[in-house]
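Student: Input: one structure, supplied below.
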Amino acid sequence: MRQKQFEEFVRNVEPADRRCAAAWRTAIGLQATDGLKTSKYLFELAKRNIEGEITINDVLELLDKYYRNKTRLPKDSFVTKYADRVAANIKSVLSDNSFIFNEEGLALTHKRIFNGVSEHAGEFRETKLEKKEWLLNGDTLKFIYGKDIHEAVEIEIQNEIYFDYKTLSDVKKLRHISVLTSNLWLIHPFKNGNTCTIAVFMIQYLRSMGYEVNNDVFAEKSWYFRNALVRANYKNQDIGVDYDFRFLERFFKNLIFNGNNRLRINHLVVWKNKM
């Protein structure tokens, strides 16, 4: 089964199977945050899981067996294996209604997503981290120092726990949710997989507050989401660029308020000759 066939299958599933199908679409789509693609074999397993033929635990076992027994694998098989396992793990997390909004809950989300693929799953990093971004014409984003991660996460979580949404307009809610997501992402608590983890953590958090999350948005626009986070955290006075949350707000409006914003990657690019 190819991706287009899988998408066609998902669009026509029975109503009782739609939540499972939506979780799979989101899980597979989130691989785009790291520029990865899942295998045709995973689509087959996902289809069987949606139809109730096999459980998610069966999916994980079959994936392990598939890659263990396959004697002739293409050069990029390690990357595909990684994407397949992470996608299946995300689907498992999204199908579970249990959720804890605290520092331990964030670490547990990472641990569950990267179980079986990373020896550092669930562990906060202790090393310095920075990344060059094509979106910023090669400029670098620097993330919070490892020694400050626990305190930074605790501050964000505690501020959010005591935050009152009741009197806010939808516009202000979108701004607040965007800032919270951006701040958690800028901490970059883990050595890898931060965007996937923050995405899943926020989906769970929004659901816990009663929001209906439109899974199609993450399924189709995960790469936009990742780069909107970059733009929200980039400032360069030499070229007249300031922190910009508009792109994240547009994403979240589509995600939780059924907005119809056009989410275009080229709108996010920072040009050096901006001035």
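Student: Ordered by residue, what ³J(HN,Hα) values in Hz, to whole numbers, does region 101-115 give under the Karplus form 6.51 cos²θ - 1.76 cosθ + 1.60, where θ = phi - 60° and Gly and Pro are x?
Tutor: 8, 7, 4, 5, x, 5, 5, 5, 4, 4, 4, 5, 5, 10, 4
Student: Let me know the shape class of region 124-275, please: from the alpha-carbon gyration tensor, a ≥ b ≥ c as square roots of the eigenvalues, rounded when a/c is under 1.5, otherwise prolate if a/b is greater than b/c, or oblate. Before the final figure, lay out the partial values.
Tutor: Numbers: a/c = 1.63, a/b = 1.13, b/c = 1.44.
Oblate, since a/c reaches 1.5 and b/c is not below a/b.
Student: Can I ask one more? Step through the residues of region 134-141 one at a time and calculate ³J(HN,Hα) from phi using the Karplus curve (6.51 cos²θ - 1.76 cosθ + 1.60, θ = phi - 60°), rounding each to whole Hz and writing x for Gly and Pro.
Tutor: 4, 4, 9, 6, x, 5, 10, 9
Student: With Kirkwood's inverse mean 1/r over C-alpha pairs for Rh, give me the Rg to Rh ratio of the chain, two decimals please.
Tutor: 0.96
Student: Could you give the angle, 0 to 90 degrees to the nearest 10, between helix 40-50's Cα long axis and the longest principal axis of the Cα atoms of the chain?
Tutor: The angle comes out at about 80 degrees.
Student: Okay, next question. List, largest first, the extents of the alpha carbons of region 1-96 along their principal axes, each in whole Å.
Tutor: Largest first, region 1-96 extends 39, 26, 25 Å along its Cα principal axes.
Student: Return the long-range amide H neighbours of ASN236 (sequence gap of 5 or more, or a different chain), with a cut-off of under 5 Å between placed amide H atoms.
Tutor: Those qualifying (amide H under 5 Å, at least 5 residues apart or on another chain) are VAL241, ASP242.
Student: State the number of lysine pairs found in region 1-96 whose Cα atoms come within less than 22 Å, restricting to pairs 8 or more positions apart or on distinct chains.
Tutor: Within region 1-96, the lysine pair count is 25.
Student: Provide the net charge surrounding VAL93, with neighbours chosen by a C-beta distance below 12 Å and charges set as Lys +1, Arg +1, Asp -1, Glu -1.
Tutor: So the environment of VAL93 carries a net charge of +3.
Student: Kindly express, to the nearest 10 degrees and within the range 0 to 90, the angle between helix 246-256's C-alpha long axis and the longest C-alpha principal axis of the chain.
Tutor: With both axes taken from Cα atoms, the answer is about 40 degrees.
Student: What is the projected area of the convex hull of the Cα atoms of region 220-275, averaged over all directions, in nm²?
Tutor: On the way: hull surface 15.3 nm².
Taking a quarter of the hull surface, the average projection is 3.8 nm².
Student: May I pose another question? What is the magnitude of the charge dipole of region 1-96 about its Cα centre, with +1 placed on the Cβ of each Lys and Arg, -1 on the Cβ of each Asp and Glu, and no other charges, expressed in debye to the nearest 20?
Tutor: In debye, rounded to 20, region 1-96 gives about 420.
Student: Further question: Determine which aspartates and glutamates satisfy two conditions relative to LYS173: a Cα distance under 17 Å, and not lying fewer than 8 residues away in the same chain.
Tutor: GLU156, GLU160, ASP164, GLU212, ASP244, GLU249
Student: Next up: Please give the calculated 222 nm ellipticity per residue for the chain, where each DSSP H segment of at least 4 residues contributes -39500 (n - 2.57) and the sum is spread over every residue; nearest 500 deg cm²/dmol?
Tutor: Details: 11 runs with 150 residues, N = 275.
The helix-only estimate for the chain comes to -17500 deg cm²/dmol at 222 nm.
Bear in mind that the values in this text are calculations on the coordinates, not laboratory data. These numbers were taken from a predicted model, which means no experiment stands behind them. Note: ideal-geometry Cβ built from the backbone for every residue, glycine included; neighbour counts use all protein chains shown.
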